[in-house]
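Notes follow the structure.
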């Protein structure tokens, strides 16, 4: 960004130098070759600035596209995590249900065992001590049941019920184990997705930070360009004022010479100042063209262009012949960053015509031209949005509406 600011400062310096040249009186008119070189350097700077902005916009678009992909992936991960969490909750509910069933199965086994103990007690009370001996000598319920030599002495009903309850409990415990394992797999999967999402979030934050940086750089560049365009607008106004000053200087010089001639030849007498002659003017283009902007207040067509139009803009193809609107003497055939290649002609009686944004010039300073003579060609040099001719007429040091003098 420092480089871009430096670039604009260089361009502003060139504008200041150009202004200094313009305001230095008659000596401000530089040669076309010098002007073309200045134009080439300025346009190179502008082109470089435009390229930098295009690169910034392209980089920004790339990051936006990447961030969009990251966002989509994160959305999918979030959806995946939510789905897994739902499955985990479902597994946990099923495990809770199984735990309830396992508790019930254990309770049924215990109840059945208690019933069997009561039966044994009953047998004991009825002097059948065989069961007491079996029970007291066994290591537990399983041992009690597994002693094949006593199995026929246990009630078939008791044995069947306890076995069924034990099988049901084992089946439930097996299902619980399976669900627990499935839950652990889901938890591991969730952990991986959360880890991946965290990594993506880090990248996402980094890219958003880069995006913010690019937005700031683009904003800074646009601010610099706005400042640059303001300088161009000032430059255009300075050029217009300089042209008027030059016209006034020429008029003053002509008046001085006229007064001196009258002094040296008193027989000429005092004459009433002549009024501008609106006759004898021709349309400044070899074709009709299209008037795209009229004289007076307007909305600036491009950054850097004046909002008060000191002439008319006539759109025409590049290379269209530009003609002298009336016979006169070329006072300026030069270049400026605002007007591009331009020509100014003195028609006498305080009337001047100006032709701006030409692609190339066909006359030189001091050259006499006839009305309709080819003086330049349509182009889009200087502050311009496209191929056109800016045509202006000034009378006694002030710009007037050219359409009061010419028509298509």
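This table checks each residue for (1) out of contact with any strand residue (DSSP E or B) (no Cβ under 6 Å at 6 or more places or on another chain); (2) closer than 15 Å to residue 314 by Cβ.
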residue	(1), (2)
346	no, no
352	no, no
360	no, no
370	yes, no
373	yes, no
379	no, yes
382	no, no
385	yes, yes
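Give the residue, chosen from 259, 252, 242, that is modelled with pLDDT of 80 or more and under 21 Å from residue 394 (Cα atoms). Please lay out each step first, then the result.
Details: 259 fails: under 21 Å from residue 394 (Cα atoms); 242 fails: modelled with pLDDT of 80 or more.
Just one listed residue meets the conditions, 252.
Name the single residue, out of those in segment 67-124 being without any contact (Cβ under 8 Å) to a residue 24 or more places away in the chain and under 30 Å from residue 206 (Cα atoms), that is farthest from the chain's Cα centre (by Cα).
Here is the first cut: in segment 67-124, the residues without any contact (Cβ under 8 Å) to a residue 24 or more places away in the chain are 68-69, 72, 75-76, 79, 82-83, 86, 89-90, 93, 96-97, 100, 103-104, 107, 110-111, 114, 117-118, 120-124.
This time we only want the ones that are under 30 Å from residue 206 (Cα atoms), so: 68-69, 72, 75-76, 79, 82-83.
Values: 68: 15, 69: 18, 72: 21, 75: 25, 76: 27, 79: 31, 82: 35, 83: 37 Å.
The residue in question is 83.
If you take the residues of segment 163-193 that are within 22 Å of residue 112 (Cβ to Cβ) and exposed (fewer than 14 other Cβ atoms within 10 Å of the Cβ), which of them is nearest to the chain's Cα centre (by Cα)?
174
I'm trying to understand the selection: among the residues of segment 365-383, which are assigned to a loop (DSSP other than H, G, I, E, B) and touching a residue at least 40 places away in the same chain (Cβ under 8 Å)?
Start the filter on segment 365-383 by keeping residues that are assigned to a loop (DSSP other than H, G, I, E, B), which leaves 365-367, 370-373, 380-383.
Hits for segment 365-383 are 365, 370, 371, 372, 373, 380, 381, 382, 383.
Taking residue 209 as the residue in question, decide whether it is surrounded by fewer than 14 Cβ atoms within 10 Å (Cβ to Cβ), at negative phi, at pLDDT below 80 and assigned by TED's automatic domain parsing to the domain that holds residue 67.
Details: surrounded by fewer than 14 Cβ atoms within 10 Å (Cβ to Cβ): yes; at negative phi: yes; at pLDDT below 80: no; assigned by TED's automatic domain parsing to the domain that holds residue 67: yes.
No; evaluated as a whole, the condition is false for this residue.
Do we have residue 280 as under 50 Å from the mean Cα position of the chain (by Cα), at pLDDT 80 or above, on the phi > 0 side of the Ramachandran plot and loosely packed, with under 14 Cβ neighbours inside 10 Å here?
Working: under 50 Å from the mean Cα position of the chain (by Cα): no; at pLDDT 80 or above: yes; on the phi > 0 side of the Ramachandran plot: yes; loosely packed, with under 14 Cβ neighbours inside 10 Å: yes.
Considered against the rule, which asks whether it is under 50 Å from the mean Cα position of the chain (by Cα), at pLDDT 80 or above, on the phi > 0 side of the Ramachandran plot and loosely packed, with under 14 Cβ neighbours inside 10 Å, residue 280 comes out as no.
How many of the residues making up segment 387-408 are at negative phi, in a loop (DSSP other than H, G, I, E, B) and out of contact with any strand residue (DSSP E or B) (no Cβ under 7 Å at 6 or more places or on another chain)?
Of the residues in that region, 4 qualify.
Looking only at residues in segment 288-341 that are in a strand (DSSP E or B) and at pLDDT below 80, which one is surrounded by the most Cβ atoms within 10 Å (Cβ to Cβ)?
Initially, segment 288-341 is screened for residues in a strand (DSSP E or B), giving 290-293, 296-297, 308-309, 312-315, 321-323, 328-336, 340-341.
Now restrict to residues that are at pLDDT below 80: 297, 308-309, 336.
Values: 297: 8, 308: 12, 309: 20, 336: 29.
Here the residue is 336.
Being assigned to a strand (DSSP E or B), touching a helix residue (DSSP H, G or I) at 6+ places or on another chain (Cβ under 8 Å) and farther than 16 Å from residue 321 by Cβ is the filter here; which residues of segment 349-364 pass it?
Across segment 349-364, the qualifying residues are 352, 354.
The values are calculated or read from the model by the stated rules, or taken from the named source; none is laboratory data. What you see is a predicted model, and the numbers here were worked out from it, not measured in a lab. As a convention, Cβ positions derive from the backbone with ideal geometry for all residues, glycine included, and neighbour counts pool all protein chains shown.
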